[in-house]
Each structure stands twice: as C-alpha cells, then as structure tokens.
Amino acid sequence: MDKAQILVASNRGPVSFSVNADGSLDYRRGGGGLVSGLSSVAADTDTLWVCAALSDADRKAAGGAPDGRLDRAGFDLGGMRVRMLDIPPDVFANAYTAVANSTLWFVQHLLYDTPNKPAYATGFRSQWDDYRAYNSAFAEALLTGAADNARVAVQDYHLALVPRLLRGRRPDLRIAHFSHTPWAPPEYFRMLPTEIGRELLEGMLGADHLGFLSQRWADAFLRCCEAFLRADVDWAKRTVEYGGRVIEVAVHPLGADAEGLRERAAAEDVAERRAALRERVGDTKLIVRVDRTELSKNIVRGLEAYRELLTTRPDWRGRVTHLAFAYPSRGDVAEYREYTESVKRVAKEINAEFGTAEWTPLILEVNDDYPRSLASYQLADVLLVNPIRDGMNLVAKEGPVLSHDGCALVLSTEAGAADELGGDAVLVNPFDVSETAEALHTALTMPEEERRSRCERLVERATAMSPQRWFAEQLKALDH
Ligand code: G6P
C-alpha cells in the first residue's frame with residue numbers, strides 16, 4: 001500500500017543555500033518547529049514541502065531570485081521532498097513585501113500609525129492581484145503533487161487563499177491552515193479594504209481545520225467571521241459554519257524543542273561564545289533579549305525601560321549589563337529600516353549617558369549569530385521579552401530551557417506565550433515603560449530559590465507541546 005501523503009506549503013522553505021565554486025547550489029536543512037514536526041513523520045509518510053521564499057542571503061547566493069535552478073520537481077531533504085516555486089520577482093515582491101509584510105502583518109500585530117497609514121491608494125489592488133497569483137501558484141503546485149485524500153498543511157498569512165483554491169478543485173483533500181501570528185479583533189481587521197478582508201477569511205475557511213497559537217487569536221478570528229461574513233459560529237464547539245461546511249478552529253500552542261535545543265547548545269561554538277560573553281560583561285548581572293528587529297518586538301521601549309531602571313535605581317549602575325541581540329529582518333520594508341536606526345540610536349544614547357571607562361551598560365549586536373544567542377540564554381539572569389503583540393514568541397520558551405542557573409522572565413501580556421508562562425513570569429504591559437523598568441528590578445532582585453523554582457516550572461510548560469506533538473495534533477484533527 002502507498003504511504004499516506006502529507007503536503008506542506010509555506011512561504012519560507014526548510015532549507016538555506018550556498019553556491020559552490022562551480023556555480024551549483026548546495027542546501028542544508030533549516031530550523032524551526034515545522035521542520036522538526038514534519039521530519040518526525042517523514043519516515044512513515046510520503047511528504048512534499050512546497051515553498052517559495054529565499055532569505056536575502058539565499059537570494060544573493062542563488063544569484064538573484066527566483067532562480068530556475070530551484071524550481072525542481074522536488075529534491076530530497078532527509079526523507080522529505082522539497083519543491084521551491086519559481087515565482088517571478090515582481091509578483092513575489094508584491095505578494096511578500098507589499099501585501100504579506102507591509103499590510104497583513106501590520107493588521108495582525110496592530111501596528112498601523114492610523115493618521116497616516118493605512119491608505120490603500122493606487123497600486124494596492126494590483127499588489128493584491130499578485131498576492132492572488134502567488135497563492136494560485138502554490139495551489140497549482142500542491143494540486144499537481146496531491147494524491148487522493150492527501151493531507152495538506154498550509155502555513156500562515158502569506159497563503160490565506162490557498163485552502164479555498166484547493167477546496168474548489170479537490171474536495172477530497174483534507175486541508176489544515178495554521179496561523180503563526182496573532183489575529184486582529186474585528187474593530188481593527190476592518191481597516192483592510194472590505195472585499196479583501198472577506199476574501200482572506202473565505203480563503204482560510206476553505207480548510208477543514210484552522211489552527212492558532214492562542215485562544216485569543218482563535219476567538220478574534222471567529223469574531224471576524226461573524227462580523228464580516230455573517231457566518232454561524234458555535235462558540236461551545238469553536239466551529240464555523242460557512243458555505244454549507246463546518247470548519248473547526250483550534251489552538252495548538254507550539255512549544256520549545258527541548259531535545260534539539262539542548263543538543264545544539266552543547267556544541268563547542270556555543271561554549272566559545274559563552275566564554276567570550278562572560279569575559280565582556282565581567283561579573284555583572286545580565287539582562288538578555290534576543291529578537292529579530294521587528295516593529296512588533298518593541299525593542300525601543302525595552303531599551304527605554306532599561307534607561308529608566310538606571311535612572312531611577314542608580315544602584316544598578318556598574319552592576320548590570322544589558323545584552324540586546326537585534327537581528328536583521330525584512331530590510332525591504334521602509335518602516336523596518338527606520339526602526340533599526342532608532343534601536344541603534346537609543347542604544348548609543350544609553351551608553352553615552354551612563355557608560356564609564358570600566359562599564360558598558362548596554363551591548364547591542366545586530367549581526368545574526370545563533371550560537372551566541374544560545375550562549376546568552378545560558379548566562380541570562382533576566383530574559384526580557386516585551387512584544388507589542390506576538391503569535392507565541394519562542395524566545396520566552398527557549399531561553400529558560402537553556403538557562404544554567406534559572407533565569408527570571410519578564411514577559412509581555414501580549415505574547416501568546418503569556419497564556420502558558422504568565423504564572424511564573426513577571427508580566428508587563430508592553431506599552432508601559434515604567435512598569436517594565438520596575439519589572440526588570442523585580443526580576444533582578446528575585447530571591448535565588450524562587451527564581452530557580454519559577455524557571456523550572458517555566459521549562460515544564462514551555463516544553464509541554466514539542467514541535468512533533470504540535471504537528472501530530474494537527475494531522476490527527478484532519479483524520480475525523
Ligand atoms: C515570524 C512569524 C511567522 C512568519 C515569519 C516570516 O517567524 O512568527 O508568522 O511566517 O516570521 O518571516 P520572514 O522572515 O520569512 O518574513
């Protein structure tokens with residue numbers, strides 16, 4: 001008998017590339033929950049992963065995207081086939097940068113600066129057409145690869161229209177869609193052009209099963225279905241009836257991959273980074289943050305809170321260091337470039353204001369270095385995670401897992417992770433700089449025993465839903 005088939009579709013694929021001396025491409029497996037989840041079932045199933053995007057580095061490595069060399073019938077990656085789509089660059093730019101990252105991401109993270117933005121002016125509708133074309137390209141590739149009754153796991157806001165496109169052509173497929181972001185309440189979601197908001201919701205409702213990271217996001221989605229589609233929501237069962245079908249809406253709170261993390265963190269390069277960091281910060285206490293430089297991560301207010309801590313509690317001067325790792329992200333979006341500049345500016349101001357010959361209050365690093373991030377988790381006394389809004393935030397879950405001496409976690413109420421970790425973290429309103437400064441002080445002065453026992457409970461909850469279990473749950477939901 002043929003093996004059961006699982007298809008996955010996501011914008012960013014599970015591989016990164018380098019170019020060999022002869023111009024050929026080499027690839028290696030990337031990280032993330034989805035890669036771990038799918039790998040764990042790859043041996044027993046026939047799996048195909050359809051993806052499009054190349055990171056900036058990959059794009060350069062491939063000599064500019066897209067690259068015909070990548071649009072293969074599928075190459076093998078540890079038992080799973082991967083197919084990278086050859087999306088024309090202008091279509092990709094409109095779908096990924098203009099629609100997904102500059103519009104949908106802003107809506108779901110409540111990021112608009114409303115007196116000026118959004119303004120859907122000339123050009124937006126044609127960018128939307130490219131978002132449709134991009135979604136269609138995925139649907140076509142999946143349809144070509146799909147056996148009867150195959151299970152399809154579609155990922156995130158880039159591909160909201162795919163479930164409906166598949167459903168229309170292949171009612172036999174069992175389709176799941178998972179949102180890795182928050183979902184906006186109707187009062188905010190209505191900022192999208194009306195017909196586009198409806199098209200997105202209807203697109204997702206083509207699935208059988210819709211997954212979210214937190215009950216808050218799932219409920220906001222259901223409220224949008226009621227408000228904009230007049231769909232029937234059964235709030236007890238958390239199902240939506242629409243177009244004669246019943247769609248399940250569920251929460252699957254992805255956890256840290258404890259085993260994978262611990263194994264990676266045991267490597268020599270992490271030990272080297274750890275020694276170098278310790279040398280740099282001496283015996284001061286450490287407040288660590290690790291983020292991609294995103295507007296939603298709230299890095300500037302986090303730095304302001306540190307500034308306020310040093311101002312209102314001068315005893316900390318010379319006794320604490322803030323390690324802030326803010327890695328590059330989405331340089332194609334103007335707001336991100338400006339935000340990166342403000343992060344650098346505030347960091348400079350803090351060091352100019354408080355730094356002495358013997359003490360650097362803040363170390364900001366903007367170059368990506370994964371083993372250094374892991375080393376900083378091992379050393380942190382306090383981990384600061386203060387997003388304005390975040391689907392989950394895996395830093396809040398991964399940091400405690402690797403902590404050597406039990407870190408205290410200062411966590412935003414607006415991160416999905418607060419659902420599970422809230423009880424043992426010091427919770428903050430991410431907009432309240434003063435409260436965050438006080439929370440840093442509370443975390444820094446937490447009695448050792450309390451800090452360690454809280455951290456143990458954080459680890460327990462952070463690892464409760466391994467990526468393998470997270471993915472298996474979604475597949476199981478498609479079985480009935
Ligand atoms: C974060 C979000 C995901 C999203 C991803 C895209 O990880 O949690 O929802 O898919 O960013 O990032 P990218 O760098 O590919 O734009």
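The values are calculated or read from the model by the stated rules, or taken from the named source; none is laboratory data. All of these numbers come straight from a predicted model, not from anything done at the bench. A quick note on method: Cβ atoms are made from the backbone with ideal geometry, for glycine too, and the neighbour counts reach across all protein chains shown. Just the protein is used for accessible areas: all its heavy atoms, side chains included, with ligands, DNA and RNA removed. Shrake-Rupley method; radii C 1.70, N 1.55, O 1.52, S 1.80 Å.
Taking the condition of being under 25 Å from Leu277 (Cα atoms), of a type in the set (A, V, I, L, M, F, W, C) and away from the ligand (no atom under 16 Å from the Cβ), how many residues in segment 394-423 meet it?
7
Within the set of pairs 6+ apart or on separate chains, which have a first residue in segment 437-455 that is in a helix (DSSP H, G or I), a second that is open to solvent by 40 Å² or more (accessible area, probe 1.4 Å) and of a type in the set (Lys, Arg), and C-beta atoms under 7 Å apart?
Going by the 7 Å Cβ cut-off, the qualifying pairs are His441/Arg313; Leu444/Lys285.
Restricting attention to segment 451-466, does a residue exist that is under 30 Å from Ala4 (Cβ atoms) and open to solvent by less than 10 Å² (accessible area, probe 1.4 Å)?
no
Only one residue in Ala408, Ala437, Ala417 is at pLDDT 95 or above, open to solvent by less than 10 Å² (accessible area, probe 1.4 Å) and either among the polar types (S, T, N, Q) or within 22 Å of the chain's Cα centre (by Cα) (or both), so which one is that?
Sole residue among the options that is at pLDDT 95 or above, open to solvent by less than 10 Å² (accessible area, probe 1.4 Å) and either among the polar types (S, T, N, Q) or within 22 Å of the chain's Cα centre (by Cα) (or both): Ala417.
Name the strands (runs of 3 or more DSSP E) wholly within segment 215-275 that hold at least 2 residues that are free of Cβ contacts under 8 Å to residues at least 40 places away in the same chain and under 27 Å from the mean Cα position of the chain (by Cα)?
239-242
For segment 335-393, give me each residue that is open to solvent by 50 Å² or more (accessible area, probe 1.4 Å), within 16 Å of the ligand (Cβ to nearest atom) and not in a loop (DSSP other than H, G, I, E, B).
Matches in segment 335-393: Arg337, Tyr370.
Out of everything in segment 282-327 that is in a strand (DSSP E or B) and open to solvent by 40 Å² or more (accessible area, probe 1.4 Å), what residue ends up being farthest from Lys397 (Cα to Cα)?
It comes out as Lys285.
Give me a count of the residues in segment 227-248 that are open to solvent by 70 Å² or more (accessible area, probe 1.4 Å) and within 17 Å of Phe189 (Cα to Cα).
1
Among the residues of segment 132-160 satisfying the criterion of being of a type in the set (A, V, I, L, M) and within 16 Å of the ligand (Cβ to nearest atom), which is farthest from Ile196 (Cα to Cα)?
Per the criteria, the residue is Ala153.
Please pick out the residue among Gly30, Gly78, Gly64 that is away from the ligand (no atom under 16 Å from the Cβ), at pLDDT below 80 and open to solvent by less than 60 Å² (accessible area, probe 1.4 Å). Before the answer, list the steps.
Details: Gly30 fails: away from the ligand (no atom under 16 Å from the Cβ); Gly78 fails: open to solvent by less than 60 Å² (accessible area, probe 1.4 Å).
None of the others qualify; the one that does is Gly64.
Any chance segment 113-131 includes a residue that's within 16 Å of the ligand (Cβ to nearest atom), crowded, with 22+ Cβ neighbours inside 10 Å and not in a strand (DSSP E or B)?
Yes: one or more hits.
If you take the residues in segment 172-191 that are more than 16 Å from the ligand (Cβ to nearest atom), assigned to a loop (DSSP other than H, G, I, E, B) and touching a Phe, Trp or Tyr at 6+ places or on another chain (Cβ under 8 Å), which one is most open to solvent (accessible area, probe 1.4 Å)?
Among those residues, the one meeting the criterion is Arg190.
Restrict the check to segment 199-216 and report whether at least one residue is touching a Ser or Thr at 6+ places or on another chain (Cβ under 6 Å) and more than 28 Å from Ala133 (Cβ to Cβ).
No, that holds for no residue.
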